[in-house]
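Every read-out reported here was derived from the displayed coordinates using simple, explicitly stated rules and does not represent laboratory data. Quick caveat: nothing in here was measured; it's all calculated off a predicted structure. We place every Cβ from the backbone using ideal geometry, glycine too, and count neighbours over all the protein chains shown.
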Amino acid sequence: MEGTEMIDILLVEDNPGDVRLTQEAFKEGRLRNQLHVVMDGEAAMQYLKQQGDYAAAPRPDLILLDLNLPKMNGREVLSAIKHDPDLKRIPVVVLTTSQDETDITESYRQFASSYIVKPVSMEKFIGVVSSFKEYWLSVVKLPNVQE
Amino acid sequence: MIAITNKDLPKKISLLVLGVALLVLVGWWLQLRVLTSILPGLPSMKANTALGFILLGGALYLREMRLPQTRWWKLLALLSLVFASLLLSQFVFNLNLGIDQALFPDNFGDVQEGLPGRTSAPTAVAFVLLALAMLTENRLKDRHRQTMILVVLLLGLSVFFSYPFSWVYGTSLFSYTGMALHTSVLIVLLAAIMLLEMKQRGWVDLILANNAIGQNTRNLLAAALVTPFLLGWLIFWLQSRGVLQAGLASSSYAVLVMLFLGAVIVLNAVNLQTAETSQRLLRSNLASTQQQFNALVQNSPSAIILKSTQGQYQMVNLPFEKLVGLPADQVIGRIAEDIFSSELLPKVLLSDQQVLSSKQVVSFEAQARLEGEKRSYLCTKFPMFDANGDLVSIGAIWTDITEQKKLAEHLGQKNEELERSNKELEQFAYVASHDLQEPLRMVSSYMQLLESRYRKDLDGDALDFINYAVDGAQRMQRLIQDLLSFSRVGTQGQPPEPVDARQAVDDALQNLKVRIEETGAKITIADLPQVVADKNQLAQVFQNLVANAIKFRGEAAPKIRISASQVDGFAEFSIKDNGIGFDAKYTDRIFVIFQRLNSRELYEGTGIGLAICKKIVERHSGRIWVESKPGKGSQFFFTFPLVPELPPDYALDAQRETQVWQQPQNDESAQQRADRML
């Protein structure tokens, strides 16, 4: 099932290999999207608040957030988003290698919409991307961020 | 020392004196001779004598009442002195004051007495002396008053003892004294009670002392009083019967007195000897006790002191001298203020005060410099009581606890270090789970991407290489995850609690359901006890061991038997299989992490399962071991602590073995965990 609209996704990820891999996975999963990438937590917040270089950046429909980030880590970014009345409705999917249970419970406690452990194999990763494509872009009606 | 144990004795005696005197007066009034003379022919107690007793007895009684005003008894005593002096003056100055029959006429007339109704001279003397002794209390020395009373006592006794003689010889013998029998008894009683009552009793105390001296003095006094009297009376009686001539009577009396008194004195000497021996023994015991006490105190590594309730040091030992830096002779007799530094002094004084007020043991810790080195002390102070339970001194023991303190501090540091290193290990586990896996994902993901995108451009070798690279990365990831599981046994375990081992086995088998079905494994389970365990971890042990038994199966379908016995408060579980077994020389190696006995091609797995089992079992204070022979199967044993209060008959009975295990529901996550573990 393909979405007819182009959706904006913000990927907060410091590892270029992972960025590329995510892009490839979206490509393989045939998801029409605009993937915006920032490499650290502070940049993510600037992007979301349309500050500095990101003054013209579109509001993302979905945020993919790595937990392990330089400067401001993913947990802090998640907390900052969920405490910001403007931003808190944007769904955040935590996308990480960590299987640590405290990370998982803490993320959900901070209102992460979903928690996905990055799989080792590419096939599984593509599977994950297409599964949340189906879940997030079809089943769940995303809140209208313009509201 | 015999005190007057009966405090009312003087009162009782004075009442007795008053009662007898009143009865005698009644006797005179009613002319009853039995009251005045007791027996016909004996001298009578004169009415004035009875009056004298009433005055003296009354004075004594009033004195014993211990009224705030002393003048009443003093007035009575003075009256009795005046009255007795009047009675006596008639003899001294050969007067007749006409008072002899003032109360009642004395017309019994059957005793040959000088003057009818006149109180006898010895009685008058006794009255004067007794009244004087009473009045001179606190004025004359007790020694002198004692002499006066002793004269009275001897007077009374001599008259009392003369009665048996006069009975033998005839009453006329005593017409010169004329003191009645009951008069003599009352006088003796009054004199005796006044002697006993005196504050400074002098030789009276010697006689009454509750020791060898008192005992011997009493024996000798009794012998000296009784022997001549009885022998004298006997000889006198024989002589009066004409059995003995006067000369022979006297000499036999002398010989008999010598013999008896001599015997008594020798017997006494034997007594004294015994007393002396036991005294000597006591002294030597005391000396050796003192020596033992000194040796204990002086050789104690702790500083020990005794001080008076006023705070003066009575005894100190060498360590205390070192502690305060002063020799004993500069400490004994001094007080804490002279000895302790201002730093220690407040604690010392406060604890003394606490011991004195609470009469209980008090402890405190203090720091002091010993030979320039700062040391810690634990001071225990305690009250010491005498036989009456009165607090007489304070003891203190200063124990050097510097080493203990250092050790405790050292232990605390080590503990901190351990906690830190534990934290670091946990951190490592997190790093392992996250950071180490990132590059692996990169390798395997891009390899896979390479393979899928460029398959048509690659030859067979290239594809093989890619597969090896992907396989290696995936194995590496599994190793990391296993390592993580291993490290989490300690950090994420739950506190042990009573668990039904059977429940844990069922959980484990449920997770292995698919593999059990696929291999047709037959599992029998005996009765299993309750143990104290983290239930998930116990299940993990069963699961790993059963999974191993299935994995290393032989040609035949796996047969696995789970049982348990009880040994020394532990449940000893056994898991026996009919698998391939292994050489006994590897028994230790197989519990080491990532150690494998079989090739990866034949049997999958990283070699983490048994290492985790070992770690879990050891976390529960248990042991794990294995018995095996190649081709004969393996039997794993491990122990978990039993639930303490279990009834002893929870013994495991092989006969009650039951065929097991029914189809459980599918549990996906547990199943996955089981897969990963192997």
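Structure notes:
- Estimated inter-spin distance, residue B:86 and residue B:293, nm [label 7 Å along Cα→Cβ]: 6.4 nm
- Rel. contact order, % - alpha carbon contacts under 8 angstrom, at least six apart, the stretch B:211-298: 35 percent
- Relative to the longest principal axis of the Cα atoms of chain B, helix B:121-135 runs at roughly 40 degrees.
- Taking every residue in B:620-630 and counting other chain Cβ atoms within 10 Å of its Cβ, the average works out to 0.
- Multiplying the residue separation of residue B:29 and residue B:70 by 0.36 nm and removing their Cα-Cα distance gives an extension gain of 11.5 nm.
- Test item: Cα-centred dipole of the protein assembly as shown, Lys/Arg +1 and Asp/Glu -1 on Cβ, debye: 4760 debye
- Rough spin-label spacing in nm, given labels placed 7 Å along Cα→Cβ, for residue B:467 and residue B:276: 11.9 nm
- Too-long pairs where the Cα-Cα distance tops 26 Å, listed order kept, from B:535/B:632; B:414/B:615; B:347/B:405; A:27/B:456; A:82/B:535; A:82/A:118: B:535/B:632; A:82/B:535
- Compactness of the protein assembly as shown was expressed as the Cα radius of gyration divided by 2.2 N^0.38 Å, which yields 2.03.
- Length-normalised contact order for chain B - Cα pairs under 8 Å, 6+ apart - percent: 7 percent
- Inter-chain Cβ neighbour average for residues A:14-23, partner chain, 10 Å: 3
- Anisotropy class of the stretch B:473-545 from Cα gyration tensor, a/c 1.5 cut: oblate
- Proximal charge balance of residue B:362 [Cβ under 14 Å; K/R count +1, D/E count -1]: +2
- Pairwise label distance in nanometres, residue B:328 with residue B:147, each label 7 Å out on the Cα-Cβ vector: 4.9 nm
- The alpha-carbon of residue B:585 sits under 14 angstrom from the alpha-carbons of these aspartates and glutamates, leaving out residues fewer than 8 places away in its chain: B:627.
- Net charge of neighbours whose Cβ lies under 14 Å from the Cβ of residue B:139, counting Lys and Arg as +1 and Asp and Glu as -1: +3
- Volume per residue for chain B equals 390 cubic angstrom (convex hull of Cα atoms).
- Computed [θ] at 222 nm, deg cm²/dmol, chain B (DSSP H ≥ 4; -39,500 (n - 2.57); rounded to nearest 500): -19000 deg cm²/dmol
- Computed packing ranks the peptides B:9-22, B:69-82 as B:9-22, B:69-82, most packed first, by mean other Cβ atoms within 10 Å.
- Peptide A:62-69 - average C-beta neighbours from other chains (10 Å radius): 1
- Taking only the C-alpha atoms of the stretch B:300-400, Rg followed by Dmax gives 12.8, 44 Å.
- Calculated FRET efficiency for the pair residue B:343/residue B:403, C-beta based, R₀ 25 Å, to 0.05: 0.70
- Straight-distance crosslink candidates among lysines, where the alpha carbon sits under 25 Å from residue B:141 and sequence neighbours closer than 8 are dropped: B:7, B:11, B:74, B:199
- Here's the list of lysines a cross-link from residue B:359 could span, going by alpha-carbon distance under 16 Å and ignoring same-chain residues fewer than 8 apart: B:307, B:381.
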